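J.: Please read through the structure below; I'll follow up with questions.
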Amino acid sequence: MTNAVREVARFIKRSPETNDSMVLWEMCKALESKSVFELHRLFELNLKSFEMAMELLDEWRIDRWIVERRIQKYIDLSGN
């Protein structure tokens, strides 16, 4: 999940006070902490920020799937 994370982090650092940065930051915190994020907040974003959010979600989902597969593989191997 490195490309989207870097892009979002750079964006937030460049303009931390903007609404787009705050929404993206809240989304990142929610994903990391597995807490609630109100999806309607994404519709407040301009198109570029919205696309960054979608890329972040996509990479986060893939990353979680890989972790789950690794855990499952470890569990399968340890059962032998």
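J.: Filter segment 34-59 down to the residues that are exposed (fewer than 13 other Cβ atoms within 10 Å of the Cβ), closer than 18 Å to Ala4 by Cα and of a type in the set (S, T, N, Q) and list them by number.
T.: Asn46
J.: Just to confirm my filter: which helices (runs of 4 or more DSSP H) fall fully inside the chain and include at least 3 residues that are acidic (Asp, Glu) and at pLDDT 90 or above?
T.: The helices (runs of 4 or more DSSP H) meeting that bar are 47-78.
The values are calculated or read from the model by the stated rules, or taken from the named source; none is laboratory data. Bear in mind that the values here come from a model prediction, so they are computed numbers and not experimental data. As a convention, Cβ positions derive from the backbone with ideal geometry for all residues, glycine included, and neighbour counts pool all protein chains shown.
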